[in-house]
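Colleague: Structure provided below as structure tokens; questions to follow.
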Amino acid sequence: MRVNMWKAGAIVAAAILLAGCSAPSGNGNESKPSSTSSASSSEETSTASDCPELKEGETIDVADLSTCSADRMKESAGYAATSTTMGMVSTARYDSANDATEVISDMGSMIIIGDDTWVKSPTSEWQAADPNASDPVIAALSTAAQNAASLDPATAAAALSGEFTVTGTGERLGQKVYLVTGTAETQGVEVDATFEVTADYIMLATSTKTEVQGQAIESVLEITDWDVKQDIVAPI
């Protein structure tokens, strides 16, 4: 049972990292991304000359794409997202001004503000993170939060490598997105992924499949609130 409970905490932590990897950014306080940086571009290609071309059929290095997206992420005031992992739905919020992350789910929750972390299992109250806690979910969440706190969105995005292909286009939050699909590798683990990316490199959604300790994990993350400051406060 302990292994299963540990995985529960690991899944919640994965939601944090996925949210970080997919954090959108931009200027202004509207709920959908700005296209100002692509105003002078053609409909089918991106504008930044030092970023990969977003055009159907193009093969691109996901590390280059991630770098461009990470640069855009740094400009964001904050964001909110929903994530579904192995049937578990969680909500995530990020406040860049206070370096704060919040993930809430029925299986376990975390709040990280700077160097301080609080966790909560389905049966506990909020408490300071403790990797040595007797409750295996609290211990797993606390340990996972330590790793999550050390990876800002730019670092997490830059850790990916592999060739991806622009396989098509779609629409999300009222904006045209390019579907960038392929297999990335991070820390020796392969991840099949699809990114939904705007012309100015904002990732509005991700879909990933990977395996952790022999357990297949599928995750879908969708941005629901974009470039809006999130008020995340300490729970205790």
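Colleague: Whole-Hz Karplus ³J(HN,Hα) for region 91-100, in order, using 6.51 cos²θ - 1.76 cosθ + 1.60 and θ = phi - 60°, x for Gly and Pro?
Modeller: 10, 10, 9, 9, 10, 5, 4, 10, 6, 10
Colleague: Over the Cα atoms of region 91-236, what Rg and Dmax result, in angstrom?
Modeller: 16.8, 49
Colleague: Under the classification rounded if a/c is under 1.5, otherwise prolate if a/b is larger than b/c and oblate if not, where does region 78-148 fall, given a ≥ b ≥ c as square roots of the Cα gyration tensor eigenvalues? Show your work: numbers first, answer last.
Modeller: Details: a/c = 2.10, a/b = 1.18, b/c = 1.78.
Here region 78-148 falls in the oblate category.
Colleague: Let me ask something else about it. Label-point separation (nm) for T82 and D115, each offset 7 Å from Cα along Cα-to-Cβ?
Modeller: Placing both labels 7 Å beyond Cα along the Cβ direction yields 3.8 nm.
Colleague: Let me ask something additional. Can you list residues from other chains, or at least 5 along the same chain, whose modelled amide H is less than 5 Å from the amide H of S161?
Modeller: E185
Colleague: List the residues whose amide H sits under 5 Å from the amide H of R172, counting only those 5 or more places along or on another chain, with H placed 1.01 Å from N in the peptide plane.
Modeller: Residues meeting the amide H criterion: V177.
Colleague: Peptides 122-132, 102-112: what's the order by average Cβ count within 10 Å, highest mean first?
Modeller: Working: 122-132: 13.2, 102-112: 21.6.
Answer by packing, highest mean first, reads 102-112, 122-132.
Every number here is computed from the coordinates shown, using simple stated rules; none is lab data. A quick note: this is a predicted structure, and the numbers were derived from the prediction, not measured. Neighbour counts run over all protein chains shown; Cβ positions are idealised from the backbone, glycine included.
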